[in-house]
């Protein structure tokens with residue numbers, strides 16, 4: 001059913017979606033994920049989310065399913081399905097924590113590490129595509145604004161300057 005803009009309430013009709021920071025960020029995030037998935041599927045046979053999870057595990061930033069759920073803002077069942085697929089592909093292994101048997105630790109297999117090692121080039125290629133024409137100073141401003149937004153949202157965002 002098509003609705004004409006004349007029949008919309010002013011809260012909807014007057015809202016400039018294309019000027020919304022949230023909408024633009026969401027579209028940019030989707031475009032980035034699609035770009036990464038296109039390359040990671042062609043080169044490695046995994047999605048951008050799977051690639052990112054492997055990389056997070058490889059760096060030690062995340063070591064358990066609960067860490068992944070928190071970092072990605074997704075529910076535990078979605079993380080479990082993601083881990084199941086990666087484990088079935090032989091890219092990661094689960095093991096019970098010695099300190100707390102309720103905690104399942106995640107570790108990469110040799111193949112998982114090999115794929116994770118290829119991800120920075122794919123990540124960088126996608127970012128380079130999306131920031132074509134940006135000066136280094138503009139890229140720095142973007143990075144710093146995104147960090148500030150994450151801090152404002154209460155997200156754990158460690159500042160690690162790029163050399």
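Every read-out reported here was derived from the displayed coordinates using simple, explicitly stated rules and does not represent laboratory data. Treat the numbers as computed from the prediction; the structure is a model and nothing was measured. Neighbour counts are summed over all protein chains in view; Cβ atoms, including those assigned to glycine, are modelled from backbone coordinates with ideal geometry.
Per-structure values
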{"quantity": "Förster-model FRET efficiency, 30 Å R0, residue 125 and residue 15, C-beta, rounded to 0.05", "calculated": "0.30"}
{"quantity": "Cα-based helix-to-principal-axis angle, 21-44 vs the chain, degrees rounded to 10", "calculated": "40 degrees"}
{"quantity": "FRET E, pair residue 147, residue 95, Förster distance 35 Å, beta-carbon r, rounded to 0.05", "calculated": "0.60"}
{"quantity": "Value of relative contact order over the chain, rounded to a whole percent, pairs C-alpha under 8 Å and six or more apart", "calculated": "18 percent"}
{"quantity": "Rough spin-label spacing in nm, given labels placed 7 Å along Cα→Cβ, for residue 138 and residue 111", "calculated": "4.2 nm"}
{"quantity": "Alpha-carbon spread of the stretch 16-130, three principal axes, descending order, Å", "calculated": "52, 30, 20"}
{"quantity": "Nearest 10 degrees, 0 to 90: helix 136-152 Cα axis against the chain principal axis", "calculated": "80 degrees"}
{"quantity": "Inter-label distance, nm, simple model (7 Å from Cα along the C-beta direction), residue 30/residue 88", "calculated": "2.7 nm"}
{"quantity": "Value of [θ]222 nm, deg cm²/dmol, for the chain, DSSP H segments ≥ 4, -39500 (n - 2.57) each, nearest 500", "calculated": "-19500 deg cm²/dmol"}
{"quantity": "Cα gyration tensor shape for the stretch 82-163, rounded if a/c is under 1.5, else prolate or oblate", "calculated": "oblate"}
{"quantity": "Cα-based helix-to-principal-axis angle, 110-130 vs the chain, degrees rounded to 10", "calculated": "20 degrees"}
